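Notes follow once the structure below has been shown.
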Amino acid sequence: MPALGADMESGTVTEWLVEPGGEVRKGDVVAVVETHKGAIEVEIFEEGVIAELVAKEGDEVPVGGVLARLAKPGEELEMREEPEAAEEQGATTKPGPAEKAPAVEEPPKIAPPSRPKAEPPRPEVPAAAARPAAETRAKVSPAARRRAAEIGIDPETLEGTGIDGSVTLADIEAAGHRAPAARPKTAKGKPDKARGSFDPIEMRQAIAAAMSRSKREIPHYYLTIIIDMGRAQGWLEDYNRERPPEERLLPAVLPLKATALALKQVPQLNGFWEDGQVARADRVNIGWAIALRGGGLIAPAIRDVDTLSPSDLMAALRDVVARARSGGLRSSELTDPTFTITSLGERGADSVIGVIYPPQVAILGLGRVSERPWVANGRVVARPLMVASLSGDHRASDGHTGGLFLSALDRLLQEPDAL
């Protein structure tokens with residue numbers, strides 16, 4: 001079970017997307033895990049064949065607990081079965097490599113969802129054993145699963161029209177037009193929460209625990225700067241005027257890109273505090289804090305922000321915000337951020353002082369852009385101003401380094417054409 005943030009202690013396996021004997025590659029989504037932040041798609045970072053699903057659907061597993069066992073490429077696959085099933089097949093010892101598993105005429109008995117504390121040894125059977133028909137799951141695309149959860153359809157009940165009978169997004173939409181289906185259920189038989197849903201009380205408790213830990217362990221220092229956003233806003237208005245609504249940029253894009261470029265100039269703030277020292281990150285993956293409907297907060301990564309054009313960055317921002325609120329974030333998106341931005345947007349407060357999210361070493365808070373008095377060329381004029389606040393980890397950097405970062409951020413936002 002991966003640690004999907006400093007505020008996570010355990011997760012519940014709500015769905016397996018792989019089966020024993022199935023091949024997996026790095027980056028494949030293998031399971032859906034329910035956390036206090038909602039349903040998260042868990043990726044695998046090894047290649048091989050699934051030898052055993054240790055955690056059952058509905059099991060709560062602590063961070064670091066075993067979810068599944070993987071056989072490396074080239075290793076002899078040894079799949080396990082429950083004791084009762086093995087006894088019915090007469091499998092009491094491990095067969096030799098040349099033996100074939102007997103055909104299964106009747107489905108074996110289903111083991112209880114939670115294992116007893118004193119479970120007898122589980123005999124091993126060869127990889128050629130067929131998976132019982134009772135455990136067969138329909139193939140459903142990730143997009144189809146997300147849409148099915150949104151409209152309350154159980155994709156397992158549908159006959160797919162995709163490759164090898166897989167259920168596609170079109171099948172879900174067609175079923176939604178025909179009639180409402182029963183709400184999906186978990187392996188324990190209880191109604192499953194829709195993708196993107198979460199327990200607000202659990203999330204508040206988790207956020208409080210993570211922030212308390214941060215304030216207790218990290219010696220914060222704070223710096224602020226007022227940035228004239230006149231040039232950036234003028235460039236943004238010119239850019240959007242020539243484009244249809246779906247291609248226009250939101251005001252958040254330019255500060256986001258400028259932050260990434262400033263981190264390239266001041267890399268001491270881009271990384272993690274690990275084993276008593278700073279581990280600088282090679283990539284600039286910015287965690288963008290997203291307010292969830294119903295309360296709560298999550299900050300998934302937008303990867304390689306420094307390399308993205310404004311239009312590509314806008315597309316990435318739209319995508320991650322939509323998936324954070326509807327369900328469908330991947331585990332790596334919660335563990336990849338090397339720096340975090342919390343922005344209150346146009347309807348927020350004038351400034352925000354962030355609390356560092358461990359093990360990161362800094363966070364940037366952006367207040368709303370509002371018209372206020374400003375001295376320019378010896379005259380007091382009304383200008384659109386934004387307060388940017390940096391919270392830094394004094395173990396990793398000091399005020400001088402933080403000041404260099406904020407100065408670079410200001411300078412970059414005065415040259416929007418270069419972004």
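The values are calculated or read from the model by the stated rules, or taken from the named source; none is laboratory data. Since we're looking at a predicted model, the values are computed, not measured. For neighbour counting, all protein chains shown are included, and Cβ atoms are generated from backbone atoms with ideal geometry for every residue, glycine included.
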Which is touching a strand residue (DSSP E or B) at 6+ places or on another chain (Cβ under 8 Å), among the hydroxyl-bearing types (S, T, Y) and closer than 21 Å to K215 by Cβ, of S407, S397, S370, S332? S397
With the condition being outside the structural domain of Y357 (by TED's automatic domain parsing), I'd like the strands (runs of 3 or more DSSP E) fully within segment 202-320 carrying at least 1 qualifying residues. none
Can you name the strands (runs of 3 or more DSSP E) wholly within segment 355-419 that have at least 2 residues being within 17 Å of L236 (Cβ to Cβ) and either more than 28 Å from the chain's Cα centre (by Cα) or assigned by TED's automatic domain parsing to the domain that holds K264 (or both)? 370-376, 379-393
Can you tell me which residue among A349, A324 is of a type in the set (G, A, S) and assigned to a helix (DSSP H, G or I)? A324
Of all residues in segment 2-26, which are on the phi > 0 side of the Ramachandran plot and either under 16 Å from the mean Cα position of the chain (by Cα) or of a type in the set (K, R) (or both)? G5
Given (1) free of Cβ contacts under 8 Å to residues at least 24 places away in the same chain; (2) acidic (D, E); (3) in contact with a Gly (Cβ under 6 Å, 6 or more places away or on another chain), number of the condition D28 does not satisfy: (3)
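Yes or no, residue by residue, for (1) at pLDDT below 95; (2) buried (at least 18 other Cβ atoms within 10 Å of the Cβ):
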residue: T340; (1), (2): no, yes
residue: P358; (1), (2): yes, yes
residue: I363; (1), (2): no, yes
residue: N377; (1), (2): yes, no
residue: L390; (1), (2): no, yes
residue: D398; (1), (2): no, no
residue: L404; (1), (2): no, no
Condition set over 25 Å from A39 (Cα atoms) and of a type in the set (D, E, K, R), scope segment 256-311, selection surrounded by the most Cβ atoms within 10 Å (Cβ to Cβ): answer is K257
